[in-house]
1. Using Cα-Cα distances under 8 Å and only pairs 6 or more residues apart, what relative contact order does the chain have, in percent?
2. Using +1 on the beta carbon of Lys and Arg, -1 on that of Asp and Glu, and nothing else charged, what's the dipole of the range 85-178 about the Cα centre, debye to 20?
3. Where does each of 138-145, 55-62 land if you order them by average Cβ count within 10 Å, highest first?
4. Please give the net charge around residue 39, taking every other residue with its beta carbon less than 14 angstrom from that of residue 39, where Lys and Arg add +1 and Asp and Glu add -1.
5. Sum -39500 (n - 2.57) across every DSSP H segment of at least 4 residues in the chain, then divide by the residue count to get the 222 nm mean residue ellipticity, nearest 500.
6. Find which of 161, 208, 196 sits farthest along the positive direction of the dipole of the range 147-248, computed with +1 on the beta-carbon of Lys and Arg, -1 on that of Asp and Glu, about the Cα centre.
7. According to the square roots a ≥ b ≥ c of the eigenvalues of the Cα gyration tensor, what is the shape class of the range 92-139, taking rounded for a/c under 1.5, prolate for a/b larger than b/c otherwise, and oblate for the remainder?
8. Name the residue farthest towards the positive end of the dipole of the chain from the options 71, 20, 121, assuming +1 on Cβ of Lys and Arg, -1 on Cβ of Asp and Glu, about the Cα centre.
Amino acid sequence: MRALILGGTGAANRLADCLARARIDAIYSYAGRTKIPLGHSLPTRIGGFGGAGGLAAFIRQENISHVIDATHPFAAEMSRHAVDACAATGTSLIALERAPWKPVAGDRWIEVPDIIAAVTALPEAPARIFLAIGRQHLAPFAKRPQHAYTLRFVDPHDGPLPLPHADVIVSRGPFTLAGDLDLMRSRGIEWIVARNAGGDGARAKIDAARGLDLPVILIARPALPERPRAESVDDVLAWLAHGARLGA
Ligand code: NAP
């Protein structure tokens, strides 16, 4: 067995440490988006593969027998390539995919299918908005230049932003409820735009919004092809150990 983890998430790092401790032969792959990716103890490669064909070639070249797609739920392109490359090479694939958040009493969510719909859902009147999405998705919000945006990035931002009124906080999760309550109160945030990432690391802003009775424009996950899924690191370990087929 030789495993490939498609990573870039906290869960992928926890899985990597488990595989290293269990002495399972594995490689961890980063896209290379962040300047200092968080450490773990597996051999690592960094950078795109060059599409599904490039990933298939990598799988063959490295004799990969099992691929674990532990990318962020919004990293849809990588996930689609993993499905195609594993089908083309006959490689076992599982996605480590946390469940999306579900609304609870007190949540004021406006659920939208994508970024463009999130822009449309913003109010017309100028407002202070916590835009909790990846930096590569900011441009569509330039259509609503009247708002004051607070952005949170893992690394400092180089170069101009596409938004005229934007303030960048540099911070790496996991975030806490107390910290996000403080952020929203101190900046007078009135609206939150977020993606339904699921999991605990990014959930503080959703809980803080409920605590402050603020509306959240919540972007749904992108549609992905059917593939076997696991919700926990333990489930992936069981799949590797027994070849178990988990929820399609
Ligand atoms: P994406 O749109 O699905 O991927 C775009 C391209 O980046 C892929 O086609 C692939 O290039 C390359 N890539 C993505 N993940 C890779 C990986 N783990 N190893 C090697 N190449 C990878 O992905 P994204 O949304 O830009 O996310 C990039 C990375 O950041 C992912 O690893 C993801 O887990 C992590 N991340 C993303 C988010 C998010 O909000 N999207 C949040 C936290 C962490 P090629 O086609 O050349 O192979």
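Here, each number is a calculation from the coordinates, and none is a lab measurement. All values reported here derive from a predicted model rather than from experimental measurement. Cβ placement follows ideal geometry from the backbone for every residue including glycine, while neighbour counts extend to all protein chains displayed.
1. Working: 454 pairs, mean separation 49.8, N = 248.
Relative contact order, the chain: 20 percent.
2. Values: 9 positive and 8 negative charges, 27 e Å.
With only Lys, Arg, Asp and Glu charged at Cβ, the dipole is about 120 debye.
3. Details: 138-145: 15.2, 55-62: 16.9.
In descending order of packing, they fall as 55-62, 138-145.
4. Details: positive: 14, 35, 172; negative: 17.
Every neighbour counted, the sum reads +2.
5. Working: 7 runs with 72 residues, N = 248.
-8500 deg cm²/dmol, from helical runs alone.
6. So the residue furthest toward the plus end is 196.
7. Numbers: a/c = 2.65, a/b = 1.50, b/c = 1.76.
Because a/c hits 1.5 or more and a/b fails to exceed b/c, the range 92-139 counts as oblate.
8. 20
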